[in-house]
Amino acid sequence: MNRPIKNSRKLSRDVAIVGAGMSKFGAFPGISSRDLFLDAFQEMRLSVDRGFDPREIEALYIGNFSSDIFEGQGHTAAILADWTGLTPRPATRVEDACASSGVALRQGILAVASGLYDIVLVGGIEKMTDMPTSQVTDALATASDTLYEVPAGFTFPGFYAAMATAYMHAYGASVESFMRVGLKNHENGALNEKAQFGATIRQVMDKKIAGALAKGRPAPQWEDELAFLKDERANPVIAWPMRLFDCSPISDGATALLLVSAEIARNFSEAPLYVVGSGQASDAALHDRDTLTALCSAQLAAREAYQMAGVSARDIKIAEVHDCFTIAEIIATEDLGFFPAGQGYRAAEEGLTSRQGSKPVNTSGGLKSKGHPVGASGAGQVVEVWKQMRGEAGARQVAGTLDLALTHNVGGTGQTSVVHIFERR
Amino acid sequence: MATNEFTRAAYQQGLGEHRLMGSRCLRCGSVYLPPRGLCRACHSDEMEWVELNGVGKLLALTTIHIAPTAMLYAGYGRENPYCAGIVRLEDGPAISAQILGVDASHPEAVPLGTPCRVEYVERPAGEGVQTFLAFRLE
Ligand SMILES: [Zn+2]
């Protein structure tokens, strides 16, 4: 139906990441997105090995899904330029739902590659926790088709739950397959001081037991983590078969990256990450696709990025993928070519995506455990690969030479997907 | 006023009359639900209205326990979950809709592929009530 995507796209000059920072992700009453962005900006500055003057920044690209609804504030990029002392630099807000800052990164890359700018700030913000859950659910639903999907009663957990039922039906996965993803991402997030949920599922269970005992109630008894995750009281259904611990949380957070043209990267950084691949694609509403068990936009974005980089899925050492729901991580690992279609759930069950596995995925804890301030999440994925590739990930550091890493950021149910590949030379 | 007549308003009017109205491309025959005024297969804007028979098969299903405000207002929620799903129609298109006739406490008992038929439900919307698309399992 569509003209096939151009076989090979190239940037007209190379671009590198020379700084990366993020605020803590979590629920911070009374703290606005601009306050959180200052944390991200300052951490990014400290990460630039050879230092730089913020006045060198020539333009800003800020991912932000819906501060309009969440904070009653539109036009956020110019405000962030002011609060970081960068006025009158051009400041552009990028909105592609939960892929906003992944796409902001791509816009920043294109701006540098074009030759127009040499030094660009890319960021992301979202402040979601000041609203009741039902209103957050409504706000997020505006990332789907409000005319023809929302009237069916669909919510975002509902969309991914529907994909999960289609996936289970097609390939024989079970709810336990999904739970394995949550367990793994909580294991990783427990080692990330920036994560919203810095606890393993076992630690969550122990806390609940201690809480019950402290109140003089009988301690709940679970045989193991899977028994806890199957307990309706401990882990209620949000949209069957997705339970609470299958869903990323409602979060506040901000992220910041510094991009420069590759020829000046060493003036800023001893260990820059070179952007070797970038791909992006769009898709129709979920019901209007040929398949519910894969995201064609992610497959196309990945293909574009792999071809630009001249590498294949097997060359990628680590990846941060868009696990807004546990099923989404399984589908992502297939769309990216890490595992064949219908095998992603087995790979998750076998631990291949753990930090010690053959293809570590979401070492940060992913959106599931680290948190999902939607407009900040895409650039946040780059913060993790920045740390991992430079050997700065502390207790969650993956062993070996991490010369190639990938980020995969999805908007909505895949109406937008954006994939980037980074190289450490 | 849009020059194209295949609008959300016209579709909604059809639902209100309990008719499932889509559009069909006069050039290539592609059928669309919801209706659209520009064919995405051949980019022709020569479209005609077509009434779909409302018979299809369930492609995906979920029960929603944490509801959006519109469904809370309609009486659904944690204590009274509802089902949403995607149905592939005999006429070609697939569409999102509320799914009726499922025991929400045992959605796993419903095999995907189960035949279903269109039904029209009234739910509160804004100041009044509006007709929404649903399918009932056969
Ligand atoms: Zn046509």
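For the reader, a short list of remarks on this structure follows.
- Per-q log10 I(q)/I(0), the range A:106-233, q = 0.13, 0.18 Å⁻¹ (Debye; single scatterer per alpha-carbon; no solvent): -0.92, -1.21
- Shape analysis of chain A yields a ratio of the Cα radius of gyration to the Kirkwood radius, Rg/Rh, of 0.95.
- Rounded accessible area of A:Lys317 (nearest 10 Å², 1.4 Å probe): 70
- Shielding score for A:156-168, defined as the mean number of other chain Cβ atoms within 10 Å: 5
- Cα convex hull of the range A:384-425 - mean projected area over all directions, nm²: 3.5
- Semi-axis lengths, Å, the range B:55-137, gyration tensor of Cα atoms, sqrt of 5 times eigenvalues: 22, 16, 9
- Cα coordinate range in the range B:8-51, projected on the principal axes (Å, largest first): 30, 15, 12
- Rounded to the nearest 20, the Cβ-based charge dipole of the range B:55-137 about its Cα centre (Lys and Arg +1, Asp and Glu -1) stands at 120 debye.
- Positive end of the dipole of chain B (Cβ unit charges, origin at the Cα centre): among B:His18, B:Leu61, B:Gly128, the Cα lying farthest that way belongs to B:Leu61.
- Dipole in debye (nearest 20) - chain A, about Cα centre, beta carbon charges: Lys, Arg +1; Asp, Glu -1: 660
- Compactness relative to 2.2 N^0.38 Å, alpha carbon Rg of the range A:1-144: 1.14
- Accessible surface of A:His169 - all protein chains present, 1.4 Å probe, nearest 10 Å²: 120
- A Förster radius of 41 Å, combined with the Cβ-Cβ distance separating A:Ala170 from B:Asn80, puts the computed FRET efficiency at roughly 0.85.
- Taking a straight line from the alpha carbon of B:Lys57, these aspartates and glutamates sit under 13 Å away, with near neighbours fewer than eight places off in the same chain left out: B:Glu90, B:Asp91, B:Glu138.
- Of all accessible heavy-atom area on the range B:8-51, the percent that carbon and sulfur account for (1.4 Å): 45
- Candidate lysines for bridging to A:Lys207, where Cα separation is under 18 Å - those fewer than 8 sequence places away on the same chain excluded: A:Lys215, A:Lys230
- Using a 1.4 angstrom probe on protein heavy atoms only, the contact between A and B buries about 2800 square angstrom of accessible area, both sides summed.
- In summary, the lysines within cross-link reach of A:Lys317, defined as a Cα separation below 19 angstrom excluding same-chain residues under 8 places away, comprise A:Lys184, A:Lys359, A:Lys387.
- Whole-Hz Karplus values for the range A:47-54 come out as 7, 7, 3, 9, x, 6, 9, x Hz, taken residue by residue from phi with 6.51 cos²θ - 1.76 cosθ + 1.60 and θ = phi - 60°; glycine and proline positions read x.
- A straight line joining the Cα centroids of the range A:243-284 and the range A:45-113 runs 12 Å.
- For B:Cys28, the accessible surface of its heavy atoms amounts to roughly 60 Å² (probe 1.4 Å, protein chains only, rounded to the nearest 10).
The values are calculated or read from the model by the stated rules, or taken from the named source; none is laboratory data. Since the model is a prediction, treat every value here as computed from it, not as a measurement. Cβ coordinates were reconstructed from backbone atoms using ideal geometry, including for glycine residues, and neighbour counts include every protein chain displayed. All accessible areas refer to the heavy atoms of the entire protein, side chains included, with ligands and DNA or RNA removed. Shrake-Rupley method; radii C 1.70, N 1.55, O 1.52, S 1.80 Å.
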